[in-house]
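Below is one structure, written out as structure tokens; the observations come after it.
The values are calculated or read from the model by the stated rules, or taken from the named source; none is laboratory data. Predicted model, so just to flag it, every value in this text is computed and none were measured. With ideal geometry, Cβ positions are generated from the backbone for all residues, glycine too; neighbour counts draw on all protein chains shown.
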Amino acid sequence: MATSPATGLPRWEADPILSVEHLFMRFGGLIAVNDLSFKVGRGDITALIGPNGAGKTTVFNCITGFYKPSEGRLILAHGRAPTPDEIAEVTRIGERALVGRDAGVYLLERMPDYRVSGEAKVARTFQNIRLFTGMTVLENLMVAQHNALMAASGYSLKGLFGLPGWTKAQKAATETAKYWLDKVGLTDRADDPAGDLPYGAQRRLEIARAMCSEPILLCLDEPAAGLNPRESLELNTLLRAIRAEHGTSILLIEHDMSVVMEISDHVVVLDYGTKISDGTPRAVKDDPRVIAAYLGVDEDAVEEVEAELHIEHAATGAGA
Ligand SMILES: Nc1ncnc2c1ncn2[C@@H]1O[C@H](COP(=O)(O)OP(=O)(O)OP(=O)(O)O)[C@@H](O)[C@H]1O
């Protein structure tokens, strides 16, 4: 387990980059997220797991500003860990962030999605791939840097006249795009439409696109979905490299247990919107509540139930 040398505590307790506090998300009468609290350690790979409909994507949507939570606080820390006084201060004054010289505290529940990505530096990918399929692979990575390029243009016509600040920013954006193309093994496909890439390559391109915005926290919604075993292994290597070489903290939703158990430092388990377990992969795997809710459904048991259902369907003439 990754622990803090100073305190011996797990990193997510000693130095959280994200603290989710008493998060609720209600859709009419449905409570999709129910008083959820957990922490994401700086530099950790944290997995959010749970059965279908447990509320994982809703949590992501709250963190990344796509949903405004019904209740709760989402504290993102830049630089050193903020003190409780700093957190209390930004909460009290009603601002979305308090940014000092060596630290910044961002309250994500107060920010729309474009500020979460642009200011708080939280990037995400989606369960269903959302690339610009008609644009080339390289263009997808340049579009991801639109914010930086617009800032360099002074939101004016500087770009059209090729002024030095703009030209420099454009060169830097191209270099960043080339770097990530190389990292995800897509340099030779740079000029092909993104929609022509095989599925696994599109998933890697999505991660590269998210990394072009230089996030401090990368949120990945089922990055291994639809990947074959070789591609899953490559994904593990890529995520480890992102963490090791860029110090980016990673929060991922994943159903593929080989990915979760292999690369996570910390696993948080949801069931019906409530946290049922939180700890190291090993601790969570052995937790009876998790076994009961999720991991414990072994294939034999599933097959038995399915067989029974088929017999019932046949007897009643119902179902396919
Ligand atoms: N926009 C919405 N409006 C109404 N209900 C919603 C909305 N988004 C999610 N839900 C409901 O909230 C619950 C949690 O859904 P969510 O997609 O977060 O689960 P999940 O754990 O990500 O599931 P999966 O693993 O299947 O993707 C579900 O009952 C879902 O139907």
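General observations
- Summed over region 122-135, the residues that are in contact with a strand residue (DSSP E or B) (Cβ under 7 Å, 6 or more places away or on another chain) and among the charged types (D, E, K, R) give a count of 1.
- Within region 64-79, residues that are without any contact (Cβ under 8 Å) to a residue 40 or more places away in the chain have Cβ atoms under 6 Å from residues that are away from the ligand (no atom under 13 Å from the Cβ) and charged (D, E, K, R) in these pairs: GLY79/ASP102, counting only partners at least 6 apart in sequence or on another chain.
- Cβ pairs under 6 Å, 6+ apart, first in region 24-35 and in contact (Cβ under 8 Å) with a residue 12 or more places away in the chain, second of a type in the set (S, T, N, Q) and near the ligand (Cβ under 8 Å from one of its atoms): MET25/THR58; ALA32/THR58; VAL33/THR58
- Residue-level analysis places GLU262 among those that are of a type in the set (D, E, K, R), modelled with pLDDT of 85 or more and assigned to a helix (DSSP H, G or I).
- Checking THR57, THR64, THR3, THR46 one by one, the residue that is under 22 Å from MET261 (Cβ atoms), among the hydroxyl-bearing types (Ser, Thr, Tyr) and surrounded by 19 or more Cβ atoms within 10 Å (Cβ to Cβ) is THR46 and no other.
- Number of positions in region 104-127 that are modelled with pLDDT of 90 or more and within 16 Å of the ligand (Cβ to nearest atom): 3
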